[in-house]
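Inspection log for the structure reproduced underneath, given as structure tokens.
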There are 2 protein chains.
Amino acid sequence: MNYDQILQNVEKHISLDAGETDYFISLLEPKVVKRKKFLLQAGEVCHFTNYVHKGCLRNYTIDDRGFVHISLFAIEDWWISDLHSFLTQTPATLYIDALEDTEVFQMSKANMEKLYIIIPKFERFFRIMHQNAFIAQQQRLMQNISDTAEDRYRQFKEKYPRLELRISQKQVAAYLGITPEFLSMIKRKMAKS
Amino acid sequence: MNYDQILQNVEKHISLDAGETDYFISLLEPKVVKRKKFLLQAGEVCHFTNYVHKGCLRNYTIDDRGFVHISLFAIEDWWISDLHSFLTQTPATLYIDALEDTEVFQMSKANMEKLYIIIPKFERFFRIMHQNAFIAQQQRLMQNISDTAEDRYRQFKEKYPRLELRISQKQVAAYLGITPEFLSMIKRKMAKS
DNA sequence: GAAAAAAAATAAAGTAGTTTAAGGATTTAG
DNA sequence: CTAAATCCTTAAACTACTTTATTTTTTTTC
């Protein structure tokens, strides 16, 4: 297992000595998630926060009419969970599944609490991550309220460069909150100008 | 000054002895905000988190086209700030102003950090508050993506019972993300059936 | 590598919400 | 208490997006 990538991710925000690094790694559980397999389903408690080493996951809800709304794509070097369920250990509202065969490192809630006690600076690390999640969500809310679908599509491409080549248009539409048919029209219109 | 209301709010999540209560109160700064006056403007750093003792505040953004989008109303017993700006001490994206003459208790960032050191269980209190803010925001994002304006209006009335009597329809429309004209139509339609 | 399944494109008709405009009602400020 | 400002209602025309249906293309599966 190659832990360089996840260690670099952590060391963007905090510094670790050799012993701390080893302890952190000892708490991680590597896992392979095959395409279309679930890491979490709504109603279950989210026991893990997941770092994506390779591949692509999404988290999403399903509304009353059965429509899928994707709240986040997580590719290499992203973290993903149902944060609310994980923090409060109550049933999740989100599903998490794999759009490609994916390798993750999982940190359980129990291990995360041990980690906070042994190496308190990880509180800082995860606090920053959770703040960033909050901000990203706030921006997305504003975007959804005030921008057109075409604007949101442009912003999607900025936020996730090259991801569009890896996933279907249907997934992009479910992220943007529009029908695949309408996204198809937007793309045709943009191609012309 | 009557601190019973804010103390009850805190004691929903943590218990305080007499000394802790006094210390907490000593860090609060009472302030009166007249109708239409600002507590925060976008671009400023949010130095305070505000507990509404009486009255009504709103926080909102203004988009590229000049439209106001209200993200929260805070009436009696609610907390309000630009959480991101407050936590990171970077410029705010939100405005906060008063829809009625309002009395708040303000806690500065500096005082909050003192409070965490002297009475660590307040970390728990504010962590719960911030988690709840995150969840509420997530629910609102989902609502905005998947529900019609009429559904969102019904949910607004559940979330803020009786608030509609205190604020203008224009404010409600800015919260729902629709024009006041369309809200007028929704109300007429609902009144018929 | 063929059959089946899923995804994408196109188009026509429909709907939720906006825009603009005008008149009437209510609130606010001096 | 009055003038001015703001807010609310109504309605018609418009726009962004959905729905439904059909055909073509791509992907998956065995």
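Any read-out appearing in this document is the output of simple, stated calculations on the displayed coordinates, not a laboratory observation. Please read these numbers as outputs of a predicted model, since none were measured by experiment. Note: ideal-geometry Cβ built from the backbone for every residue, glycine included; neighbour counts use all protein chains shown.
B:Lys121 falls short on exactly one of the conditions (1) surrounded by 15 or more Cβ atoms within 10 Å (Cβ to Cβ); (2) in contact (Cβ under 8 Å) with a residue 60 or more places away in the chain; (3) touching a helix residue (DSSP H, G or I) at 6+ places or on another chain (Cβ under 9 Å), and that condition is (1). Taken together, the criteria exclude B:Leu99 from residues that are touching an Asp or Glu at 6+ places or on another chain (Cβ under 6 Å), surrounded by 16 or more Cβ atoms within 10 Å (Cβ to Cβ) and either within 17 Å of B:His69 (Cβ to Cβ) or more than 12 Å from every other protein chain (Cβ to nearest Cβ) (or both).
Could you run through the stretch B:136-193 and say how many residues are within 12 Å of DNA strand D (Cβ to nearest atom), of a type in the set (S, T, N, Q) and free of Cβ contacts under 8 Å to residues at least 24 places away in the same chain? Adding up the residues that qualify gives 6.
Among the residues of the stretch A:123-168, those that are over 29 Å from A:Leu16 (Cβ atoms), more than 10 Å from chain B (Cβ to nearest Cβ), in a helix (DSSP H, G or I) and of a type outside the set (Gly, Ala, Ser) comprise A:Glu150, A:Arg152, A:Tyr153, A:Arg154, A:Gln155, A:Phe156, A:Lys157, A:Glu158, A:Leu163, A:Glu164, A:Leu165.
Is the stretch A:89-96 home to any residue that is of a type in the set (A, V, I, L, M), more than 16 Å from DNA strand C (Cβ to nearest atom), within 14 Å of chain B (Cβ to nearest Cβ) and not in a helix (DSSP H, G or I)?
Yes, that holds for at least one residue.
Here the stretch A:77-88 is the region considered, the condition is being more than 10 Å from chain B (Cβ to nearest Cβ) and either assigned to a strand (DSSP E or B) or in contact with a His (Cβ under 7 Å, 6 or more places away or on another chain) (or both), and the residue that is surrounded by the fewest Cβ atoms within 10 Å (Cβ to Cβ) is A:Trp79. Here is the figure for the stretch A:4-14: residues that are over 15 Å from A:Val104 (Cα atoms) and free of Cβ contacts under 8 Å to residues at least 60 places away in the same chain total 3.
Examine the stretch A:103-121 for a residue that is more than 16 Å from DNA strand C (Cβ to nearest atom), of a type in the set (Lys, Arg) and within 10 Å of another protein chain (Cβ to nearest Cβ), and state whether such a residue exists. Checking the stretch A:103-121: not a single residue is more than 16 Å from DNA strand C (Cβ to nearest atom), of a type in the set (Lys, Arg) and within 10 Å of another protein chain (Cβ to nearest Cβ).
Do we find that B:Phe86 is of a type outside the set (Lys, Arg) and within 21 Å of B:Asn9 (Cα to Cα) in this structure? Full working, then the answer.
Working: of a type outside the set (Lys, Arg): yes; within 21 Å of B:Asn9 (Cα to Cα): yes.
When the stated conditions are applied, B:Phe86 passes them.
Working only within the stretch B:143-173, note down all residues that are within 15 Å of A:Ser146 (Cβ to Cβ) and more than 10 Å from DNA strand C (Cβ to nearest atom). Across the stretch B:143-173, the qualifying residue is only B:Ile145.
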